[in-house]
Every structure is written in C-alpha cells, then in structure tokens.
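Read through the structure below, which is laid out as structure tokens, and then see the notes.
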Amino acid sequence: MRTHVVTIPPLSDEQRQLARHAATEARRRRAEVKQALRTGRRTLAEVLAQAEQDDVVAHTKVVDVLKSLPRVGAVRAARVMERLDIAPNRRLRGLGKHQTAALVAEFPAPGVSADPSA
C-alpha cells in the first residue's frame, strides 16, 4: 500500500513574516477576550456568541476560557467540562448547542440568578 505524501511548499521570508504577524495578532486577541472575562467586562455568553462569528475567538480552548472566569481554576474547569462531556482539548468552535447552553447555565452573568424562581 502506497501512501501519498503531500509536501508543504517552502514559504518565502515575507510569507513567513506575515504568518508570524497573524499568529501574534490572534494570540493577542484571544488574550484580550480572556482578560475581559477576568475583569467582568464580558460574560461567558457574550464570548460564546462572539465565537460563532469570529474565527480567532472560535479557536480558543474551552478550558482556557473557563479558567479566565472569576473563581474558576484548573480543577473546577476540568470538573465542569467532564460533567458536561466536553473534551479537554475542545475549542469554542467545536461546542455543540447543548454544551454551550449548559456552560451558560453553569456560569451565569454576574447579577443574574441561576435560579429562575429567585
């Protein structure tokens, strides 16, 4: 059985520089989103909605977003993801609608009661 090997064409210095710039910009934007969550300027629901239209945000790992929320560390994030059946390496774009709804219910916006009868 023969396997077909696809070689990646070598990039010019200019192409490499553009790719580096794009990657740096994407990391900066993801860091801004996580910082906005940390400070309460954005809610988890807003970030999840943004991920539907924004490819850079969509490629952010779910665990990193959860750990950016106030009072959520690695242990709580891992427990919530396991309970909601979200793979540890899942990115926001890969979440299903039920997983997204469950995350929003798990981490309601500050000032919003998780109990609808309250």
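The values are calculated or read from the model by the stated rules, or taken from the named source; none is laboratory data. The model shown is predicted, which means the values in this text are computed figures rather than measured ones. Heavy atoms of the whole protein, side chains included, go into the accessibility calculation; ligands, DNA and RNA do not. Shrake-Rupley method; radii C 1.70, N 1.55, O 1.52, S 1.80 Å.
From the helices alone, meaning DSSP H stretches of at least four residues, give me the mean residue ellipticity at 222 nm for the chain, per-run term -39500 (n - 2.57), in deg cm²/dmol to the nearest 500. Numbers along the way, then the final one.
On the way: 6 runs with 68 residues, N = 118.
Theoretical 222 nm ellipticity from helices: -17500 deg cm²/dmol.
In order along the range 12-24, the phi-based Karplus estimate (6.51 cos²θ - 1.76 cosθ + 1.60, θ = phi - 60°) of 3J(HN,Hα) comes to 6, 4, 5, 5, 5, 5, 4, 5, 4, 5, 4, 5, 5 Hz; Gly and Pro are listed as x. For the range 1-82, the solvent-accessible area works out to 73 Å² per residue, with a probe of 1.4 Å and every protein chain left in place.
Tally up the carbon and sulfur contribution to the accessible surface of the chain as a whole percent, 1.4 Å probe, everything protein left in place. Write down the numbers at each step before the final one.
Numbers: 4610 of 8520 Å².
Carbon plus sulfur share of accessible area: 54 percent.
Taking all protein chains together, Lys67, Lys97, Lys34 sort by accessible area into Lys97, Lys67, Lys34, largest first [probe 1.4 Å]. Under 5 Å from the amide H of Arg91 lie the amide H atoms of Val62, each residue being 5 or more positions distant or on a separate chain, with H modelled from the backbone and absent for Pro and chain starts.
Using heavy atoms of the protein chains and a probe of 1.4 Å, the accessible area assigned to Arg16 is about 100 Å². Using each residue's phi in the range 64-81, evaluate 6.51 cos²θ - 1.76 cosθ + 1.60 at θ = phi - 60° and report the 3J(HN,Hα) Karplus result to the nearest Hz, with x for Gly and Pro. Using θ = phi - 60°, the values come out as 5, 5, 4, 5, 7, 6, x, 6, 10, x, 4, 5, 5, 4, 5, 5, 5, 4 Hz. Summary of the geometry: the range 28-66 and the range 78-103, compared by the centres of their Cα atoms, lie 14 Å apart.
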